[in-house]
Amino acid sequence: MGMNFIRKLPIPQEIKKEYPLSVAFETLKQQRDEEMAKIFTGELDKLLLIIGPCSADREDAVMEYIHRLAKIQKEVKEKIFIIPRIYTNKPRTTGTGYKGMVHQPDPTKAEDMLKGLISIRKLHRRAIEETGFTCADEMLYPENYRYLSDLLSYVAVGARSVENQQHRLTASGMDIPAGMKNPTSGDLSVMFNSIYAAQSQHTFLYRGWEVHTSGNPLAHAILRGFVNKHGESQPNYHYEDLLLTHRYYTEKNLVNPAVIVDTNHCNSNKCYLEQPRIVNEVLHSCRHNQDIQHMIKGFMIESYLEDGAQKIGEGVFGKSITDPCLGWDKTEELILRIADQI
């Protein structure tokens with residue numbers, strides 16, 4: 001019963017000081033952030049791909065994957081802006097199972113939050129220093145954002161977190177795009193309330209401080225499908241779903257209407273091989289409706305070195321230990337096909 005307080009963890013400023021980002025890479029991050037902002041505001045006509053493993057599980061495999069992404073980014077740079085997924089916080093439906101590197105830097109060993117905080121900062125820093133990529137992460141714990149705030153270029157708020165006030169208000173203080181997923185119920189009004197909150201100014205309690213935020217104009221929608229009352233997965237990426245989402249944006253009068261389509265989760269019924277087909281359908285919808293074309297900014301794709309998923313301890317290099325992912329060959333083919341269609 002009760003809580004056992006194990007140890008007081010270093011504050012973000014202390015971790016950042018111990019594992020700093022050089023000025024040169026701070027400048028690179030700023031340049032990437034500016035380019036991405038132009039995509040969300042419509043000033044730049046490129047498609048975003050937020051792509052990578054369901055969860056980052058081991059540094060060597062993640063870095064091998066990101067190095068491969070860096071090579072293909074050069075081929076498609078005129079049309080596609082790639083943001084690697086380094087998801088170090090993993091939400092769990094029942095609260096059990098692997099919760100990400102922030103909990104377990106090594107999935108086969110016991111939880112260690114201090115090692116976890118250090119490992120996720122080192123991994124994100126290594127990504128930008130070796131490949132030039134600033135990456136995306138999921139904001140499972142709002143208080144952890146500051147440990148990576150100088151490294152991240154994109155943050156996603158998950159389906160189980162999007163109704164939480166602290167997530168919404170924290171997103172309002174970010175100067176990078178914050179994607180708000182529709183909740184597992186599929187109620188788009190919940191997602192749009194979150195976007196409205198994230199785009200607004202707030203004063204609230206954060207990490208023991210009274211803080212004020214100016215609002216995040218780059219807060220936007222992520223469509224990830226939903227679960228109906230029978231527990232069945234239902235998609236929300238079809239043409240009619242996109243029209244409805246556009247109508248919500250119009251009625252709410254939000255700035256920078258933008259949608260990222262999550263091609264896995266309930267949209268694919270966790271059938272990861274369906275992701276290329278879903279991308280193609282959304283691009284087809286874009287070609288048939290100008291409002292949809294302007295609103296769709298990109299895709300969120302789960303991809304790794306090897307197809308599918310494995311159990312912890314099986315030891316297949318670059319194969320997901322959470323949700324199944326597209327392997328590299330299919331990933332490379334998909335990225336090139338997207339570039340050919342836009």
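Bear in mind that the values in this text are calculations on the coordinates, not laboratory data. Everything quoted here is computed from the prediction, not taken from an experiment. Methodologically, a virtual Cβ is constructed for each residue, glycine included, from the backbone with ideal geometry; neighbour enumeration extends over all protein chains shown.
In nm, to one decimal, how far is the modelled label at SER149 from the one at LYS252, with both set 7 Å along Cα→Cβ?
Here the answer is 2.4 nm between the modelled labels.
Indicate the gyration tensor shape class of region 1-116 (rounded, prolate or oblate), computed on the Cα atoms with a ≥ b ≥ c the square roots of the eigenvalues: a/c under 1.5 is rounded; otherwise a/b larger than b/c is prolate and the rest oblate.
In terms of gyration-tensor shape, prolate.
In deg cm²/dmol and to the nearest 500, what is the mean residue ellipticity at 222 nm of the chain if only DSSP H runs of at least 4 residues count, each as -39500 (n - 2.57), divided by the residue total? Each step should come with its number before you reach the end.
On the way: 10 runs with 129 residues, N = 342.
Counting only the DSSP helices, I get -12000 deg cm²/dmol.
How do the peptides 315-326, 295-306 rank, highest first, by the average count of neighbouring beta carbon atoms within 10 Å per residue? It would help to have the intermediate numbers written out before the result.
Details: 315-326: 19.6, 295-306: 24.9.
In decreasing order of mean packing, 315-326, 295-306 become 295-306, 315-326.
What translational D, rounded to a whole number of µm²/s, comes out for the chain from Stokes-Einstein when the hydrodynamic radius is the Kirkwood one over Cα pairs, at 37 °C and 0.692 mPa s? Walk me through the intermediate numbers first.
On the way: Rh = 20.1 Å.
In µm²/s, the coefficient is 163.
Work out how much length THR94 to GLN234 would gain on full extension: take 0.36 nm times their residue separation and subtract the Cα-Cα distance, in nm to one decimal. Present the calculation step by step, with values, prior to reporting the outcome.
Numbers: separation 140, 0.36 × 140 = 50.40 nm, distance 2.03 nm.
Gain on stretching THR94 to GLN234: 48.4 nm.
Have a look at GLY327, GLY225, GLY95 and tell me which one the Gaussian network model of the chain (Cα, springs below 10 Å) gives the largest fluctuation.
Greatest mean-square fluctuation among the candidates belongs to GLY95.
Given a cut-off of 20 Å, name the pairs among LYS77/LYS270; LYS79/LYS319; LYS17/LYS109; LYS109/LYS319; LYS16/LYS90 whose C-alpha atoms lie farther apart than that in the structure shown. Don't skip to the end; give the middle numbers.
On the way: LYS77/LYS270 29 Å; LYS79/LYS319 28 Å; LYS17/LYS109 27 Å; LYS109/LYS319 18 Å; LYS16/LYS90 22 Å.
Correct reply: LYS77/LYS270; LYS79/LYS319; LYS17/LYS109; LYS16/LYS90.
Quick check: residue separation of ASN4 and LEU273 times 0.36 nm, minus the Cα distance between them. What number comes out in nm? Numbers along the way, then the final one.
Details: separation 269, 0.36 × 269 = 96.84 nm, distance 4.32 nm.
Between ASN4 and LEU273, full extension yields 92.5 nm more.
Work out from phi, with θ = phi - 60° and the Karplus expression 6.51 cos²θ - 1.76 cosθ + 1.60, the ³J(HN,Hα) of each residue of region 156-171, listed in order in whole Hz, and give x for Gly and Pro.
Running phi through 6.51 cos²θ - 1.76 cosθ + 1.60 with θ = phi - 60° gives 10, 9, x, 4, 8, 9, 5, 8, 7, 5, 5, 5, 4, 6, 4, 4 Hz.
Under 5 Å between amide hydrogens, which residues at least 5 positions from ILE222 or on another chain qualify, with H placed 1.01 Å from N in the peptide plane?
Correct list: MET180, LYS181, ASN182, ILE260.
By the gyration tensor of its Cα atoms, with a ≥ b ≥ c the square roots of the eigenvalues, what is the shape of region 247-293: rounded for a/c under 1.5, prolate for a/b over b/c, or oblate? Working shown, then result.
Values: a/c = 3.47, a/b = 1.73, b/c = 2.01.
Note, shape of region 247-293 comes out oblate.
Please identify every one of the GluC sites (Glu not before Pro) in region 1-75 that sits in a loop by DSSP and has no more than 14 other beta carbons within 10 Å of its own beta carbon. If you can, show how the numbers build up before the last one.
Details: sites: GLU14, GLU18, GLU26, GLU34, GLU35, GLU43, GLU59, GLU64, GLU75; in loops: GLU43.
Counting only loop positions with at most 14 other Cβ atoms within 10 Å, the GluC sites (Glu not before Pro) in region 1-75 are GLU43.
By its C-alpha gyration tensor, with a ≥ b ≥ c as the square roots of the eigenvalues, how is region 69-176 shaped: rounded for a/c under 1.5, else prolate for a/b larger than b/c, else oblate?
Values: a/c = 1.83, a/b = 1.31, b/c = 1.40.
It comes out oblate by the Cα gyration axes.
Tell me, what HN-Hα J-couplings in whole Hz come from the Karplus equation 6.51 cos²θ - 1.76 cosθ + 1.60 at θ = phi - 60° for each residue of region 195-212, using x for Gly and Pro?
4, 4, 4, 5, 7, 9, 7, 8, 10, 7, 8, 8, 6, x, 10, 8, 10, 10
Apply the Karplus parameterisation 6.51 cos²θ - 1.76 cosθ + 1.60, with θ equal to phi minus 60°, to every residue of region 145-150 and state each ³J(HN,Hα) to the nearest whole Hz, in sequence, with x for glycine and proline.
4, 5, 5, 10, 4, 8
Cut-off 10 angstrom, C-alpha nodes, Gaussian network model of the chain. Which of ALA309, ALA221, ALA258 fluctuates the most?
Of ALA309, ALA221, ALA258, the Gaussian network model singles out ALA309 as fluctuating most.
Sequence-distant or interchain residues sharing an amide H contact under 5 Å with ALA156, placed H: which?
ASP137, GLU138, MET139, GLY179
Taking amide hydrogens as modeled 1.01 Å from N in the peptide plane, which residues meet the under 5 Å criterion relative to SER303, leaving out close sequence neighbours?
Correct list: GLY52, CYS54, LEU326.
Out of region 65-123, which trypsin sites (Lys or Arg not before Pro) are coil in DSSP terms and have no more than 10 other C-beta atoms within 10 Å? Let's see the in-between values first.
Details: sites: ARG68, LYS71, LYS74, LYS77, LYS79, ARG85, ARG92, LYS99, LYS109, LYS115, ARG121, LYS122; in loops: LYS77, LYS79, ARG92, LYS99, LYS109.
Within region 65-123, the qualifying trypsin sites (Lys or Arg not before Pro) (loop, at most 10 other Cβ atoms within 10 Å) are LYS109.
Taking the beta-carbon count within 10 Å as an exposure proxy, list HIS124, HIS284 from fewest neighbours to most.
Details: HIS124 26, HIS284 11.
With the fewest neighbours first, HIS124, HIS284 line up as HIS284, HIS124.
Just to be sure I understand: with springs between alpha-carbon atoms less than 10 Å apart, which residue in GLY100, GLY173, GLY313 has the highest mean-square fluctuation in the Gaussian network model of the chain?
Evaluated over the chain, the most mobile residue of the options is GLY313.
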